[in-house]
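Data block below; observations after.
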């Protein structure tokens with residue numbers, strides 16, 4: 001207590017002393033010394049956190065985080081998960097959608113978060129680094145580093161450096177892709193739009209009856225204004241109902257460009273002509289049937305605005321219901337559940353949760369399932385065929401497929417080579433060659449014999465200078481060099 005609260009210093013508050021003593025008693029004996037040092041430096045840590053290897057994880061330094069924010073290894077995981085997301089945002093005022101997505105990543109232990117978390121959790125003093133340093137480290141790394149733990153740890157050791165944890169540099173904030181201005185402007189625009197009476201996601205109440213979901217109703221109603229029923233026949237009853245002149249009397253001259261027929265049930269129409277009676281139009285007037293026998297008549301009888309069918313527009317969010325004619329790319333990118341999930345939900349909601357939500361039930365593979373996936377890929381996603389299936393290549397003719405075929409080829413090749421020399425032939429060639437070499441000089445058993453051999457050496461090998469003593473050792477060295 002005297003080390004943390006010196007007698008000659010400022011008198012601490014009683015609550016602070018009680019907090020320190022409570023933390024000290026709850027701390028392991030081996031960590032109490034570190035706890036006292038942190039409190040003496042003014043860092044009111046509630047516990048000494050350690051990595052899996054037993055090293056001090058830090059957490060006592062002041063960083064760029066909120067002073068009231070308790071930073072632990074678990075909160076570090078959330079920051080790591082947010083740093084792995086591709087979008088830019090204000091790292092100090094976290095958007096709610098980003099935070100929820102990060103919590104989901106941590107819960108499911110998705111990659112690359114899982115690898116980054118394991119590496120950073122093992123780094124001593126990791127909790128002392130600022131949030132900007134963590135974001136900059138992860139977002140500046142190569143996207144494939146997490147596949148190699150050794151390379152990832154080396155990258156962390158080389159690049160995780162920071163001098164002022166409380167005030168990150170502009171370079172660190174830029175590398176962290178911190179965008180406070182962008183978030184502030186966007187949030188202000190959202191608030192202003194909501195104040196003007198516009199629908200803003202996350203601010204306006206979606207259950208308010210004044211909001212009309214035009215995004216999902218427009219694509220389903222527009223194509224039905226002029227309905228193509230086949231064989232060049234178009235039903236324009238819906239268009240007539242939506243027109244501004246619906247229910248008013250029209251002159252015969254204005255309808256000269258269409259064929260007008262009375263809705264007579266006794267008269268049989270040729271082909272598949274579709275008639276709209278009183279119940280269809282709802283006016284009690286004559287029904288209108290457009291019969292196009294060829295392309296020229298279609299251009300004359302139907303206005304240009306009716307001939308051109310509007311392009312199909314699909315909503316970004318599909319309301320519950322049945323949608324027909326949805327393109328493959330729209331189907332796979334849309335929200336909702338598949339027919340398989342519906343069938344599993346009908347079996348049991350617990351089974352649905354275990355298989356599709358918690359994923360504790362692994363999907364068992366079978367030949368029937370593989371064939372179904374293959375047909376699905378061939379029909380709807382041919383571009384993913386090579387990525388999801390391994391197609392057995394055709395073996396070219398003459399290729400080696402077994403050890404026997406390979407051995408047969410080697411034997412045939414060796415038989416075509418010239419015959420090898422025998423041991424006697426090789427010995428004779430060596431002796432013939434050695435006979436052409438100069439003979440070696442004998443070292444001699446005495447000094448005189450050695451001197452005689454030395455005198456027979458070429459001049460470039462007689463290394464002993466004239467006038468000096470010719471010792472046996474020096475002369476033998478020259479003879480050995482020559483030999």
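Kindly provide the set of residues from the stretch 77-92 that are under 14 Å from the mean Cα position of the chain (by Cα), in contact (Cβ under 8 Å) with a residue 40 or more places away in the chain and part of a loop (DSSP other than H, G, I, E, B), ordered by number.
84 - this is the single residue of the stretch 77-92 that is under 14 Å from the mean Cα position of the chain (by Cα), in contact (Cβ under 8 Å) with a residue 40 or more places away in the chain and part of a loop (DSSP other than H, G, I, E, B).
So how many residues does the stretch 93-110 have that are loosely packed, with under 14 Cβ neighbours inside 10 Å and outside any helix (DSSP H, G or I)?
Total meeting the criteria: 3.
Report yes if some residue within the stretch 463-473 is loosely packed, with under 13 Cβ neighbours inside 10 Å, under 30 Å from residue 329 (Cα atoms) and at pLDDT below 85; otherwise report no.
Within the stretch 463-473, none of the residues are loosely packed, with under 13 Cβ neighbours inside 10 Å, under 30 Å from residue 329 (Cα atoms) and at pLDDT below 85.
Look at residue 208 and say whether it is over 25 Å from residue 85 (Cβ atoms) and at pLDDT 70 or above.
Values: over 25 Å from residue 85 (Cβ atoms): yes; at pLDDT 70 or above: yes.
It is true that residue 208 is over 25 Å from residue 85 (Cβ atoms) and at pLDDT 70 or above.
Quick check on my filter: what residues within the stretch 430-448 are over 30 Å from residue 472 (Cα atoms) and either touching a residue at least 12 places away in the same chain (Cβ under 8 Å) or not assigned by TED's automatic domain parsing to the domain that holds residue 461 (or both)?
Of everything in the stretch 430-448, nothing turns out to be over 30 Å from residue 472 (Cα atoms) and either touching a residue at least 12 places away in the same chain (Cβ under 8 Å) or not assigned by TED's automatic domain parsing to the domain that holds residue 461 (or both).
Starting from the stretch 182-206, keep only residues that are under 20 Å from residue 93 (Cα atoms) and not assigned by TED's automatic domain parsing to the domain that holds residue 87, then list their pairs with residues that are modelled with pLDDT of 65 or more and exposed (fewer than 10 other Cβ atoms within 10 Å of the Cβ) whose Cβ atoms are within a distance under 8 Å, requiring at least 6 positions of separation or different chains.
If the second residue must be modelled with pLDDT of 65 or more and exposed (fewer than 10 other Cβ atoms within 10 Å of the Cβ), the pairs left are 202/96.
For the stretch 111-128, state whether one or more residues are assigned to a helix (DSSP H, G or I), at pLDDT 90 or above, within 31 Å of the chain's Cα centre (by Cα) and closer than 30 Å to residue 15 by Cβ.
No.
Could you give every pair whose Cβ atoms fall below 9 Å, whose first residue belongs to the stretch 415-429 and is surrounded by 10 or more Cβ atoms within 10 Å (Cβ to Cβ), and whose second residue is part of a loop (DSSP other than H, G, I, E, B), counting only separations of at least 6 or pairs across chains?
Note: pairs meeting the criteria are 429/421.
Within the stretch 129-163, can you find the residues that are surrounded by 15 or more Cβ atoms within 10 Å (Cβ to Cβ), outside any helix (DSSP H, G or I) and without any contact (Cβ under 8 Å) to a residue 40 or more places away in the chain? Please lay out each step first, then the result.
Quick first cut of the stretch 129-163, residues surrounded by 15 or more Cβ atoms within 10 Å (Cβ to Cβ) only: 129-139, 141, 145-146, 152-153, 155-156, 160, 162.
Imposing the further condition that a residue be outside any helix (DSSP H, G or I) reduces the set to 129-130, 141, 160, 162.
Within the stretch 129-163, 141, 160, 162 qualify.
The values are calculated or read from the model by the stated rules, or taken from the named source; none is laboratory data. Since we're looking at a predicted model, the values are computed, not measured. For neighbour counting, all protein chains shown are included, and Cβ atoms are generated from backbone atoms with ideal geometry for every residue, glycine included.
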